[in-house]
Amino acid sequence: MFKSIFSKYITAMSLIIVASFLILATLISAVIGDYTKDMRHDDVRHMATLASEIFLHEYPGEKVISLKVWADSHGYFHTAANSIVEADDGATLFIADKNGHLLVAAKGNEEAAALLIANTAYWRAVVKTVSFGGTYSANEKIAELGPDNYFVHAEPLIDKNGNYLGCTYAAVSVRSAEQITSVATQTVVMSCLWITIAMLIAVYFITERHVNPIRRMNRAARKYAKGNFEDRVEAVGGDEIAELAASINYMANELENLEQKRNRFLSDVAHELRSPMTSMLGFVEAVADGSCPPEKQSYYLSLVAEEIKRLSRLVGDLLDVSRLEMGEKKMNFTKYDLADNAATVLFSLESRINEKELDVSFESDGDGVVSADGDAMYRVLYNLIENAVKFSTPKGRLAIDLHTEDKTVSLSIYNEGIGIPAEDLPNIFDRFYKSDKSRGIDKKGVGLGLYFVKTIIVAHGGSIRAESVEGKDCRFIVEMPRYKEP
């Protein structure tokens, strides 16, 4: 159940949301409950205090007139008591003197007041507290008032001379506070429940929106692993998921291109191996069965030798590719003169240059000394200059320019010729890449030369780029760090 990202995410978010709202509901209910109880405490205290103030207002003193006479002579005391408890159902309010005689009671409280005063043990506990000027406050169950718990407040009646006259007793049911707390709790819980449901729905769709692209990526990756690079993942938006989808599409494009190059390479290698082997087999069989005249045998054997050398070079190239990719080809860096060695390569190609009657120029503003592996760098120069000769048009221009700066040496190899198509320029340094063979002159290569060139130059800390106009010219520019004395 919890294996997928979606199930883990939705479960975790659900638990967090539910737990958060349960904690919130509990805290809010507790706060409301405490507030309501405090408010009810204040209410019952206010009832007793207000009743005492009204009753003792302008009371002259016990020695002048008794408390009983004072209460009987002022009928509005009962009206005032009724008004105090009128807005609070279930409230009890009465006034008793110090001898336990009921003086004033709100309407309907007379019987309860008489029962409370008659409960000697309870009433003595109340009187004991208030007779010394204190107040009696409690949250307790009182059988005479009913089955509920009650907030109780009693305070003394003290005349102007400080004499204790009696007490005012007020009680309100806790049920109203509990009902308010219950209603508030239900409201909070229901609100939290609906908010939780809404958030879970939102989380579901948000999670599904993020997980679906990952599922599509997973399906596409499985197809890529089997060699099917046709599918692409739709990249919607600009978030990290969309960036990942774009990266996977880029990877698929690169893998597809690599697969095409690999297939083309295998085809080229198969062709390169089959053609000389077929020729060699024919020559050898002709010599072996005597169908070849004796005077021709040396010629045919020389052709076989040439084909063997070409196969040897091909196998050597393939081994070099493997060593480069595995990092096994080590470079022996020494002081190397680019200008001198470029001239040497140019002289070695003199016969081919003369065949095409090329207009050759060589310019250098310095020695062009770099730190390089001599064999590797010679191969770079030979490959680039030989290509320039090979792809030059007859009587075209071939120019080699070397420019030395403070930190770099720049070598430019230019030729007028067929050039490189614009669509091929970004790929010419990729391994196994060959331009359109229908226009190509190089029928023997398998697309490894320029790959070697770039790999070796990069290993030397340099860079190479190509500029070309198809059907007009081509220029390769090599930049390498200048040699520094140790």
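Brief remarks follow.
- Within the shell defined by Cβ-Cβ distances under 14 Å, the residues around Phe77 carry a net charge of -3, with Lys and Arg each +1 and Asp and Glu each -1.
- Angle in degrees between helix 294-326 and the longest Cα principal axis of the chain, rounded to the nearest 10: 20
- Of the residues His41, His46, the one with the fewest other Cβ atoms within 10 Å heads the list, and the complete ranking is His46, His41.
- Note on Asn218 and Gln260: with the Förster distance fixed at 41 Å, the Cβ-Cβ geometry gives a FRET efficiency of about 0.95.
- Spin-label model, Glu350 to Ser182: label points 7 Å out along the Cα-to-beta-carbon direction sit 11.5 nm apart.
- In order along region 336-351, phi translates into HN-Hα couplings of 9, 9, 5, 4, 5, 6, 5, 5, 4, 4, 4, 5, 5, 9, 4, 5 Hz, rounded to whole numbers, per the Karplus curve 6.51 cos²θ - 1.76 cosθ + 1.60 with θ = phi - 60° and x for Gly and Pro.
- Residue list for region 139-176, given a label point 7 angstrom along the Cα-to-Cβ vector of Glu111 and an amide N cut-off under 13 Å: 144-146
- Calculated from backbone phi, Karplus (6.51, -1.76, 1.60) coupling profile of region 99-106 in Hz, x at Gly/Pro: 8, x, 8, 6, 9, 9, 8, 5
- Ascending count of other beta-carbon atoms within 10 Å, so fewest first, for Val18, Val478: Val18, Val478
- Placing +1 on each Lys and Arg Cβ and -1 on each Asp and Glu Cβ, with no other charges, gives the chain a dipole about its Cα centre of roughly 1240 debye.
- Residues whose placed amide H lies under 5 Å from that of Leu103, excluding near-sequence neighbours: Ile95, Ala96, Asp97
- Footprinting exposure proxy for Trp123, Trp194, Trp70 (fewest neighbouring C-beta atoms within 10 Å first): Trp194, Trp123, Trp70
- For the chain, the longest principal axis of the Cα atoms and the long axis of helix 374-390 meet at an angle of about 70 degrees.
- Computed from Cα atoms, the angle from the helix 449-459 axis to the main principal axis of the chain rounds to 60 degrees.
Values quoted throughout were computed directly from the atomic coordinates according to the rules given, and no laboratory measurement underlies them. Small disclaimer: the values here were computed from a predicted structure and weren't measured. All Cβ positions, glycine included, derive from the backbone under ideal geometry; neighbour counts span all protein chains shown.
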